[in-house]
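The values are calculated or read from the model by the stated rules, or taken from the named source; none is laboratory data. Predicted model only: the values in this text are computed from it and were never measured. In this analysis, Cβ positions are derived from the backbone assuming ideal geometry, glycine residues included, and neighbour counts consider all displayed protein chains.
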Amino acid sequence: MRSGRPKAQLELTDAEAAQLLSFARSRSLPSSLCLRARMVLASAGGETSKDIAVRLKVSQATVGKWRSSFLEKRIAGLYDDVRPGRPRSIDDERIAQLIQKTLHTRPKDGATHWSVRTVAAETKISKSSVQRYFQMFGLQPHRTESFKLSTDPFFIEKLRDVVGLYLSPPDNALVLSVDEKSQCQALERTQPMLPLGFGYVEGVTHDYKRHGTTTLFAALNVLSGEVIARCKPKHRHQEFISFLRDIDNAVPKDLDIHCIVDNYATHSHPKVKAWLADRPRWRLHFIPTYSSWLNQVERFFGLITDKAIRRGSFKSVRQLIKRIDLFVQNHNANCQPFRWTATAESILAKLERLCSRISGTGH
């Protein structure tokens, strides 16, 4: 029996693997480009075309087509569809130069990043074409996202502990995500707001009068989404203990309480520790430093800030507290839990990729 023609070996450079992985995980790129990237990654990983086709629900010929296209033209081959019409006026080399310049250089005028117009002028490619290629490759040089890596020496242990509570809560226990939103300001706008209308948004004056602050203490039940909330005048261990008492009274006595908190000094105050020592059903679980994203109650704080506080105008702290209490009451009447799906392993893998990208920049 005569064997078929052997397939050309598909190997990826580190840069190509990183770029394809970014394509495959993107939520903004065309789905067809993401699918092609997954085909190439799977093929480079040793998976057969038949298995790839079954898993991704495409034909084996489609897998072979994009594998061959990548072998011939590399990354550019994944978006080079053959369609009728006018031939392309910008060849692959110019596109590669555009991407290289955007990713690895800075404008000579001292600007911190490229814009569509500046990179178009530099590469002699039209603004509309630059915009199209930016969108195709998911490039957004005008945007940044903030991040902060934890320096906690017990980061992995704390991460596994908290994520374990989210994904597999213990029996006969209540898991609560607890934190404080301090300095909630009662701000009164100096002029009336302009109402929302056809063709224009609601108008709010930039200046205001301050009428004091309150601290919102909140405990989110991660299983039901229900929130226990109290507004208190200060942000000290005394107020925190008072809030713990409120929780203790609200939770049935036959349930243990697992409380997820951050590393704010108030939470580990000696008097707080003494209060907890007298109540064996309580367990405090600390998230790693600089990891507020791991505390689900922060998501609730985002909701209440956006929907009840930020755009409000309050003549007193009492009025602000009434607005907060009303929002919490309505939230609990129709509450749903925030769905947590990430495992500790997936989070650690993402952090590993982030660290490798940082080390690749020379920092």
Kindly check whether there is at least one residue in the range 229-252 that is of a type in the set (A, V, I, L, M), surrounded by fewer than 15 Cβ atoms within 10 Å (Cβ to Cβ) and either in a loop (DSSP other than H, G, I, E, B) or touching a Cys at 6+ places or on another chain (Cβ under 8 Å) (or both).
no
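To keep it simple, each residue is scored yes or no on (1) outside the structural domain of Ala18 (by TED's automatic domain parsing); (2) loosely packed, with under 14 Cβ neighbours inside 10 Å; (3) touching a Lys or Arg at 6+ places or on another chain (Cβ under 8 Å); (4) under 18 Å from Thr13 (Cβ atoms).
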| residue | (1), (2), (3), (4) |
| --- | --- |
| Ser31 | no, yes, no, no |
| Ala44 | no, no, no, yes |
| Lys50 | no, yes, no, no |
| Thr102 | yes, no, no, no |
| Ser126 | yes, yes, no, no |
Qualifying residue in the range 152-171 (condition: on the phi > 0 side of the Ramachandran plot, out of contact with any Cys (no Cβ under 6 Å at 6 or more places or on another chain) and in the same structural domain as Thr289 (by TED's automatic domain parsing)):
no
Give the range 168-190 a look and list any residue that's assigned to a loop (DSSP other than H, G, I, E, B) and not acidic (Asp, Glu), or say none.
Ser168, Pro169, Pro170, Asn172, Thr190
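Could you list, in sequence order, all residues of the range 308-321 that are of a type in the set (D, E, K, R) and at pLDDT 90 or above?
Taking the range 308-321 first, the residues of a type in the set (D, E, K, R) are 310-311, 315, 318.
Result: Lys315, Arg318.
Go over the candidates Ile260, Ile287, Ile324 one by one and state the one that is touching a Leu at 6+ places or on another chain (Cβ under 9 Å), among the hydrophobic types (A, V, I, L, M, F, W, C) and under 30 Å from Tyr208 (Cα atoms).
Working: Ile260 fails: under 30 Å from Tyr208 (Cα atoms); Ile287 fails: under 30 Å from Tyr208 (Cα atoms).
Answer to the selection: Ile324.
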Residue that is surrounded by 10 or more Cβ atoms within 10 Å (Cβ to Cβ), of a type in the set (D, E, K, R), closer than 16 Å to Phe137 by Cα and at pLDDT 85 or above, where the choices are Arg36, Arg25
Arg36
Restricting attention to the range 308-343, the residues that are touching a residue at least 12 places away in the same chain (Cβ under 8 Å) and under 20 Å from Asn295 (Cα atoms) number exactly 10
Taking into account only those residues within the range 253-287 that are in contact with a Phe, Trp or Tyr (Cβ under 7 Å, 6 or more places away or on another chain) and more than 15 Å from Ser177 (Cβ to Cβ), which is surrounded by the most Cβ atoms within 10 Å (Cβ to Cβ)?
Val272
Is at least one residue of the range 266-283 within 30 Å of Gln319 (Cβ to Cβ), small (Gly, Ala, Ser), assigned by TED's automatic domain parsing to the domain that holds Ser177 and not in a loop (DSSP other than H, G, I, E, B)?
no
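Just wondering, is there one or more residues in the range 191-206 that are surrounded by 14 or more Cβ atoms within 10 Å (Cβ to Cβ), touching a residue at least 60 places away in the same chain (Cβ under 8 Å) and part of a strand (DSSP E or B)? Walk me through it before giving the result.
Narrowing the range 191-206 to residues surrounded by 14 or more Cβ atoms within 10 Å (Cβ to Cβ): 204.
Those left that are additionally touching a residue at least 60 places away in the same chain (Cβ under 8 Å): 204.
The next check asks that each one be part of a strand (DSSP E or B); those that pass are none.
No, that holds for no residue.
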Index of the failed condition, Tyr166 passing every other in (1) under 19 Å from Ile90 (Cα atoms); (2) touching a residue at least 40 places away in the same chain (Cβ under 8 Å)
(1)
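Residues to consider are Glu93, Glu47, Glu11; find the one that is modelled with pLDDT of 85 or more and not polar (S, T, N, Q).
Numbers: Glu93 fails: modelled with pLDDT of 85 or more; Glu11 fails: modelled with pLDDT of 85 or more.
None of the others qualify; the one that does is Glu47.
Output the residue which, of all residues in the range 293-331 that are among the polar types (S, T, N, Q), surrounded by 14 or more Cβ atoms within 10 Å (Cβ to Cβ) and out of contact with any strand residue (DSSP E or B) (no Cβ under 6 Å at 6 or more places or on another chain), is farthest from Lys158 (Cα to Cα). Talk me through it step by step, then tell me what you get.
Within the range 293-331, the subset among the polar types (S, T, N, Q) is 295-296, 305, 313, 316, 319, 329-330.
Add one more test, that the residue is surrounded by 14 or more Cβ atoms within 10 Å (Cβ to Cβ), and what stays is 295-296, 305, 313, 319.
Okay, now just the ones that are also out of contact with any strand residue (DSSP E or B) (no Cβ under 6 Å at 6 or more places or on another chain), so 305, 319.
Working: Thr305: 28, Gln319: 39 Å.
Per the stated criteria, the residue is Gln319.
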Based on this model, can you work out whether Gln336 counts as surrounded by 17 or more Cβ atoms within 10 Å (Cβ to Cβ), closer than 30 Å to Ala173 by Cα and among the polar types (S, T, N, Q)?
no
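Which ones in the range 97-114 are in a loop (DSSP other than H, G, I, E, B), within 25 Å of the chain's Cα centre (by Cα) and not β-branched (Val, Ile, Thr)?
Passing the criteria: His113, Trp114.
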